[in-house]
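A.B. asks: Before we start, here is the structure in question, set down as structure tokens.
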Amino acid sequence: MLEKTYIPYGGYWSTPFCRWQGALAQAHAIELAAEVTRESLAARKVDPKSFDGVVLGMTIPQASCFYGAPWLAAMVGATGITGPTVAQACATSARAIATAGAEIELEQRSCVLAVTCDRTSNGPHLYYPQPGAPGGTGLSVDWVPDAFNRDPWAENPMIQTAENVAREAGFTREAQDAIALLRYEQYQRSLDGDRAFQRRYMVAGVLRRGKKELARAEADEGIHPTTKEGLAALKPVVAGGTVTFGAQTHPADGNAGMILCTQGRARELSRDPGIPVRLLAWGEARVEKGHMPKAVVPAARAVLARAGLGVGDCKVVKTHNPFAVNDLVFCRELGVKPDAMNNYGSPLVYGHPQGPTGMRLLMEAIEELAILGGGYGLFSGCAAGDTAMALVVKVG
């Protein structure tokens, strides 16, 4: 269990998530994240020079990303700090948070800026020269779609992992549709009162060229109205399968940021010092290849064990659920009712920019716990192939 790592209440932010080729499709992910971070710190009256470390999490290369976290820190105004750039597929947010937490626990840092960003739109097309190949032909890779469509270990597309688990567990098409509809209805709650819940952590993402504003994302973009009849009309993506486009997430663009620090610094930087937020533990797991949705279960059990908790101790449960199957297996194995988790929505509905997804979910968990008067919150999310990572926080 961690003892020294805190998150200032309100010391986090996320842009909306925009379906690919939407408002943020032309933005450089790191440059946009730096601009959003700079504006968010100014709004919270946090001096960028107060940080003594930085972590950048991303999974899709952008121009000049070799310079990573130090470049982002410099653009934010924290020119004196450095740190790592981390990538762990869809668990990148959890890994960035864990990395920052480990440095605080070891007393190597006292206040770390963790920023996550990705742009699935317009991903890079890579060419690997192979002079020794027949005809000297190199290897061409489309970074984003090729990652979705082939796990080199299991040799299957990601959607096949959901089909594998659905078939093994006996999850029907109708059960998946029911989860998808429930998550859509839960997401609608986050829109109540002119998006009152989302406004607790969400900031605009603005694409600029110089002083000219080219595009602005004020709210999630690309949410499909969902009905029972509409879901039932969709055909499975894989012939003979059960997973439809309505029961899986969509690629998206966005970024998020979070401050992790010591207890004293958290009191100074908090929007409300009377609401302490502590990172208790992280955990990870791996299951048999080609069964990615199952991994959320052992990852959750691992982090709960480290925190000395049971899932019943957690008032708030959040999952990264690229497939409805993820939540079906999570609920069955951990005994959680589907409508007792992912209140206010989840990536199944609002999309998945990969790097920042888990960070947004953690700040949603914190805000929901604040509304409920405090308690423990659990996040668990799968990551490409057959792995997952989980976090537990306590809100006072």
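The values are calculated or read from the model by the stated rules, or taken from the named source; none is laboratory data. Only a predicted model underlies this, so the values are computations on that prediction, with no experimental measurement involved. When we count neighbours, we look across all protein chains shown, and the Cβ atoms used for this are built from the backbone with ideal geometry, even at glycine.
A.B. asks: Which pairs do you get when a residue that is under 26 Å from A25 (Cβ atoms), found in the range 210-237, comes within reach of a residue that is polar (S, T, N, Q), reach meaning Cβ atoms under 6 angstrom, with the pair 6+ apart or on two chains?
C.D. replies: What qualifies is L234/T244.
A.B. asks: Where residues in the range 41-69 are of a type in the set (S, T, N, Q) and out of contact with any Gly (no Cβ under 8 Å at 6 or more places or on another chain), which of them is surrounded by the fewest Cβ atoms within 10 Å (Cβ to Cβ)?
C.D. replies: Among residues in the range 41-69 that are of a type in the set (S, T, N, Q) and out of contact with any Gly (no Cβ under 8 Å at 6 or more places or on another chain), the one surrounded by the fewest Cβ atoms within 10 Å (Cβ to Cβ) is S64.
A.B. asks: So for the range 170-180 (the condition being within 21 Å of the chain's Cα centre (by Cα), at pLDDT 95 or above and over 27 Å from P61 (Cβ atoms)), does at least one residue qualify?
C.D. replies: Yes, the range 170-180 contains at least one residue that is within 21 Å of the chain's Cα centre (by Cα), at pLDDT 95 or above and over 27 Å from P61 (Cβ atoms).
A.B. asks: Would you point out which residue out of G283, G257, G240 is under 21 Å from A175 (Cβ atoms) and not hydroxyl-bearing (S, T, Y)? Show your work before the answer.
C.D. replies: Numbers: G283 fails: under 21 Å from A175 (Cβ atoms); G257 fails: under 21 Å from A175 (Cβ atoms).
Exactly one of G283, G257, G240 is under 21 Å from A175 (Cβ atoms) and not hydroxyl-bearing (S, T, Y), namely G240.
A.B. asks: Another one. Taking only the range 168-188 into account, find how many residues are outside any helix (DSSP H, G or I) and in contact with a Leu (Cβ under 8 Å, 6 or more places away or on another chain).
C.D. replies: 1
A.B. asks: Look through the range 23-40, keep the residues that are in contact with a Ser or Thr (Cβ under 9 Å, 6 or more places away or on another chain) and closer than 17 Å to Q198 by Cβ, and return whichever of them is surrounded by the most Cβ atoms within 10 Å (Cβ to Cβ).
C.D. replies: L24
A.B. asks: Let me ask you something else. Would you mind finding the one in G290, G358, G345 that is under 23 Å from A180 (Cβ atoms) and modelled with pLDDT under 95?
C.D. replies: G345
A.B. asks: Which of the following residues is in a helix (DSSP H, G or I), within 30 Å of A166 (Cβ to Cβ) and free of Cβ contacts under 8 Å to residues at least 40 places away in the same chain: A305, A300?
C.D. replies: A305
A.B. asks: For N342, work out the one condition from (1) more than 10 Å from the chain's Cα centre (by Cα); (2) part of a helix (DSSP H, G or I); (3) crowded, with 21+ Cβ neighbours inside 10 Å it doesn't fulfil.
C.D. replies: (2)
A.B. asks: How many of the residues in the range 261-270 are touching a Cys at 6+ places or on another chain (Cβ under 8 Å) and closer than 17 Å to L106 by Cα?
C.D. replies: Count: 3.
A.B. asks: Let me ask you something else. Return a yes/no flag: does the range 22-40 have any residue that is among the basic types (K, R) and either within 19 Å of the chain's Cα centre (by Cα) or closer than 23 Å to P273 by Cβ (or both). Don't jump to the end; show me each part of the working.
C.D. replies: Residues of the range 22-40 that are among the basic types (K, R), as a first pass: 38.
Still in the running and either within 19 Å of the chain's Cα centre (by Cα) or closer than 23 Å to P273 by Cβ (or both): none.
The answer is no, given that none of the residues of the range 22-40 is among the basic types (K, R) and either within 19 Å of the chain's Cα centre (by Cα) or closer than 23 Å to P273 by Cβ (or both).
A.B. asks: Going residue by residue through the range 319-338, is there one that turns out to be crowded, with 24+ Cβ neighbours inside 10 Å and under 19 Å from A98 (Cα atoms)?
C.D. replies: Yes, some residue in the range 319-338 is crowded, with 24+ Cβ neighbours inside 10 Å and under 19 Å from A98 (Cα atoms).
A.B. asks: Can you name every residue in the range 189-198 that is loosely packed, with under 13 Cβ neighbours inside 10 Å and part of a helix (DSSP H, G or I)?
C.D. replies: Once the filter is applied, which keeps residues that are loosely packed, with under 13 Cβ neighbours inside 10 Å and part of a helix (DSSP H, G or I), the range 189-198 yields D192, G193, D194.
A.B. asks: So, one more: Among the residues of the range 14-54, which ones are touching a Pro at 6+ places or on another chain (Cβ under 7 Å) and within 23 Å of P124 (Cα to Cα)?
C.D. replies: Hits for the range 14-54 are F17, W20.
A.B. asks: Still on this structure: Looking for something assigned to a loop (DSSP other than H, G, I, E, B) and in contact with a strand residue (DSSP E or B) (Cβ under 6 Å, 6 or more places away or on another chain) - is there at least one such residue anywhere in the range 245-255?
C.D. replies: From the range 245-255, those assigned to a loop (DSSP other than H, G, I, E, B) are 249-250; that's our starting set.
Among the residues that remain, those that are also in contact with a strand residue (DSSP E or B) (Cβ under 6 Å, 6 or more places away or on another chain) are: 249-250.
Within the range 245-255, one or more residues are assigned to a loop (DSSP other than H, G, I, E, B) and in contact with a strand residue (DSSP E or B) (Cβ under 6 Å, 6 or more places away or on another chain).
A.B. asks: Hey, among A89, A78, A96, which residue is hydrophobic (A, V, I, L, M, F, W, C), farther than 23 Å from V141 by Cβ, within 23 Å of the chain's Cα centre (by Cα) and outside the structural domain of T319 (by TED's automatic domain parsing)?
C.D. replies: A96
A.B. asks: Checking the conditions here, which among A390, A384, A370 is farther than 18 Å from Y187 by Cβ, of a type in the set (G, A, S) and modelled with pLDDT under 95? Even if it seems obvious, please write down each step before you answer.
C.D. replies: Details: A390 fails: modelled with pLDDT under 95; A370 fails: modelled with pLDDT under 95.
Testing whether each residue is farther than 18 Å from Y187 by Cβ, of a type in the set (G, A, S) and modelled with pLDDT under 95 leaves just A384.
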